[in-house]
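Visitor: Here you go, one structure.
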Amino acid sequence: MKMGPIPQTTAVPTLQSVLDNLTGDIALPGTRRRDLASAVRQFATLTGKPPAEIPVDLLVIRQTLDGMVPAQAGYRRSDGRTCAATLPPQLMHRACSRC
């Protein structure tokens with residue numbers, strides 16, 4: 001009997017899962033949670049995709065941020081720095097640890 005490939009059941013974490021985990025992370029102060037969630041939403045806006053469609057791939061996220069000009073999306077320069085500064089690998093690792 002010929003067997004087909006085994007279907008993958010592991011879901012790829014997305015920025016939506018990062019947002020969901022940030023919302024429930026009571027170890028972070030409320031202001032820090034809000035700032036981190038804002039940075040994730042800013043990144044999604046800059047890419048033109050909803051957070052649920054953006055996989056958590058740190059290399060791609062960094063390359064995307066490095067190649068963007070925030071003014072193209074209507075952001076001030078300081079908004080882009082905030083987004084880049086608050087999307088470190090530590091955030092993604094912490095926020096996706098429960099994905």
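Visitor: Taking segment 36-81 as the search range and keeping residues that are of a type in the set (D, E) and either over 25 Å from D20 (Cβ atoms) or modelled with pLDDT of 85 or more (or both), which one is surrounded by the most Cβ atoms within 10 Å (Cβ to Cβ)?
Guide: Restricting to residues being of a type in the set (D, E) and either over 25 Å from D20 (Cβ atoms) or modelled with pLDDT of 85 or more (or both), the top hit is D57.
Visitor: Counting only residues that are without any contact (Cβ under 8 Å) to a residue 24 or more places away in the chain and part of a helix (DSSP H, G or I), how many does segment 39-71 have?
Guide: Residues in segment 39-71 being without any contact (Cβ under 8 Å) to a residue 24 or more places away in the chain and part of a helix (DSSP H, G or I): 10 in total.
The values are calculated or read from the model by the stated rules, or taken from the named source; none is laboratory data. It should be emphasised that the depicted structure is a prediction, and the values quoted were computed from it without experimental measurement. Quick reminder, even Gly has a Cβ in these numbers, built from the backbone with ideal geometry, and neighbours come from all protein chains shown.
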